[in-house]
Amino acid sequence: MRDDGTARARGGALANTAAALACVALAVTLVAAGFGACCLPVTTQLLSQATSNFEDTPYAPAQLTALAVATRDFTVDDYGRSALGTQGAQDVLAQRILDAAREASGEQSPVRGRWSQAARDVVENPPSASPAQVAFTALAGVGDAYALDRDAVSHLEDCNRLVRTAVPMLWGAAALAAALLIALVATGRRRAAGGALTVAPAVLVVALAAAGLWAALDFNGLFAAFHGVFFPQGNWTFGIDSLLICMYPLGFWMGMGAVWLVTTLVACIICLAAGRRLRKGR
């Protein structure tokens, strides 16, 4: 009898530990769900079409949106880095922007008048037999409204390293949460599993409400705090009429925040409903 009691106690302690770990991993997974929605190409496309600064850019709206999506690909995806290396990926993006620049500054372009003579000279008469990066750098040297300057590219590379480091960890958290919850249910610990599915989203909803309130009162402060944590080197501020900010103005990031918040909240509601059913033994 004592051995049975000891075994049950150990089993209960193990189940509680598994539930606690599942709770933490699930909270990370729910946040990751919102992050994943933000990283979708269609999210960037739609938000760019709705919020990009088309008034202060030398690019036509369709061109700016296409560049926003291409820059998103460079920032979030591998973008050929595995095969071409970092410089190769930068060359691909440079060529993409140069192609758009030639179109935007062309004779038939409706925005040709926004291009200075110096910028048109770089686009129309690039250094002969030079890689795209040379002309790209020269164009950025005329003005960062025409091309991404060195600081912008460096910041995007920082973002890419952060994303590519975080994604495997987030998938790992999701796998751990799923494995622990399945194990708890399979071993008859449905209430423990239900507790994890209830506590994690409940705590997260409170945290998201606080973040949402902060964003509503001072989005710039929240944005600066976020970047200060993840980019302490400080290379994330750019001119309001720079290409990077015209593609991704403040409204774009407010939209991204809304997508993240809504996606995570929907995932939390689903988990709360599942947790409630498990805790009731259904």
Exercise for the section: Within the stretch 77-95, count every residue that is over 21 Å from the mean Cα position of the chain (by Cα) and among the charged types (D, E, K, R). Expected result: 1
Problem - the stretch 173-195 residues that are closer than 16 Å to THR17 by Cβ, paired with ones that are of a type in the set (Lys, Arg) and outside any loop (DSSP other than H, G, I, E, B) (beta carbon under 6 Å, 6 or more apart) - result: ARG191/ARG279
Practice task
Identify, from the list GLY194, GLY172, the residue that is buried (at least 18 other Cβ atoms within 10 Å of the Cβ), farther than 30 Å from GLY251 by Cβ and small (Gly, Ala, Ser).
Solution key: GLY194
Exercise for the section: Could you run through the stretch 77-101 and say how many residues are of a type in the set (Lys, Arg) and either in contact with a Ser or Thr (Cβ under 7 Å, 6 or more places away or on another chain) or surrounded by fewer than 14 Cβ atoms within 10 Å (Cβ to Cβ) (or both)? Expected result: 0
Practice task
Restrict the check to the stretch 230-248 and report whether at least one residue is aliphatic (A, V, I, L, M), assigned by TED's automatic domain parsing to the domain that holds ALA211, free of Cβ contacts under 8 Å to residues at least 60 places away in the same chain and loosely packed, with under 15 Cβ neighbours inside 10 Å.
Solution key: no
Handout entry: GLY251 vs. criteria under 25 Å from LEU67 (Cβ atoms), out of contact with any Gly (no Cβ under 7 Å at 6 or more places or on another chain) and surrounded by 15 or more Cβ atoms within 10 Å (Cβ to Cβ)
Key = no
Practice task
Residue by residue through the stretch 175-225, note down the ones that are assigned to a helix (DSSP H, G or I) and of a type in the set (Ser, Thr, Tyr).
Solution key: THR198
Problem - Leading residue by the ranking (farthest from VAL153 (Cα to Cα)) among those in the stretch 70-126 that are of a type in the set (A, V, I, L, M, F, W, C) and not in a helix (DSSP H, G or I) - result: VAL111
Practice task
Specify which of the listed residues (ALA145, ALA135) is buried (at least 20 other Cβ atoms within 10 Å of the Cβ), over 19 Å from ASP56 (Cα atoms) and in the same structural domain as THR57 (by TED's automatic domain parsing).
Solution key: ALA135
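The values are calculated or read from the model by the stated rules, or taken from the named source; none is laboratory data. Please read all numbers here as calculations on a predicted model, not as lab measurements. Don't worry about glycine lacking a Cβ; one is built from the backbone with ideal geometry, like all the others, and counts go over all protein chains shown.
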